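Take a look at the structure below.
The values are calculated or read from the model by the stated rules, or taken from the named source; none is laboratory data. Everything numeric here is computed off the predicted structure, so don't read it as measured data. We place every Cβ from the backbone using ideal geometry, glycine too, and count neighbours over all the protein chains shown. Just so you know, the surface numbers come from the protein's heavy atoms only, side chains and all, with ligands and any DNA or RNA stripped out. Shrake-Rupley method; radii C 1.70, N 1.55, O 1.52, S 1.80 Å.
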Amino acid sequence: MLAAFNPRREGPEAADGAFNHREQFTTDERSQDEPAGAASGRRPRDLVDRPDMFGLWGKPMRAAAGVDPADAAFIAANAQHWVANAIREEIAMELSNLASVLPTLDPSSPEITFDRIAQVRRGEIPMTLTDLLVWSRRFPAVRDIVTATLGDRPHANSRMSAPSDGGMGPVITTKRGRTAGA
């Protein structure tokens, strides 16, 4: 069974390729000097109904209570969730971890640090265009999500809003097959 990357359980010291299963800090234990999210003060994870699952499952999120599903900030948060999940899945498919992947990114940026990307992937801060450029160049699945989100067609494996039938909608996946023995 392939171990999935959990940004709450892996620290930058895990760069040797092994997963670190010690418990990291939770969102409530963040230091006060960390960014709190968008200029409006809303973190992407605060806009969705399952903030604990942000970036950790392949399904679109519904809007949190009091959030308009047509709000561009919610749509962006949902797209960030899809991208974060795709990054997690792609890294897991490589049998790697975030700390090992960061030095291989091309192009890169001084803004692409382990701590900042972990916050982006948990939905604590919004993604930037720099993030989208870097991760789109590294993973075709991210590029597909970004293209579909910015284009005039829905992503083949997702939708921009919660399904009207009350279900959680389709599973979003990289659709990459598991390698033999993995």
**Item:** Note, ³J(HN,Hα) from phi for region 136-146, Karplus 6.51, -1.76, 1.60, rounded to Hz, x at Gly and Pro
**Value:** 5, 6, 7, 10, x, 4, 5, 4, 4, 5, 5
**Message:** Please compute the modelled spin-label separation between Arg137 and Asp106, points set 7 Å along Cα→Cβ, answer in nm with one decimal.
**Reply:** 0.9
**Request:** Could you work out the local net charge near Leu47, counting Lys and Arg as +1, Asp and Glu as -1, over the other residues with Cβ closer than 15 Å to its Cβ?
**Result:** 0
**Prompt:** Near the amide H of Ile125, under 5 Å away, which other amide H atoms are found, from residues 5 or more places off or on another chain, if H is placed in the peptide plane?
**Reply:** Val120
**Prompt:** HN-Hα J couplings of region 93-99 from phi, Karplus 6.51/-1.76/1.60, θ = phi - 60°, integer Hz, Gly and Pro as x?
**Reply:** 5, 7, 6, 10, 8, 4, 4
**Item:** Under the Karplus curve 6.51 cos²θ - 1.76 cosθ + 1.60, θ = phi - 60°, whole-Hz ³J(HN,Hα) for region 122-135, x wherever Gly or Pro sits
**Value:** 8, x, 7, 9, x, 5, 10, 4, 4, 4, 4, 5, 4, 6
**Complete:** The long-range amide H neighbours of Ala64, using H built 1.01 Å from N in the peptide plane and a cut-off of under 5 Å, are Val48, Asp49
**Message:** In Å², and per residue, what accessible area does region 64-154 have when probed at 1.4 Å with the other protein chains present?
**Reply:** 42
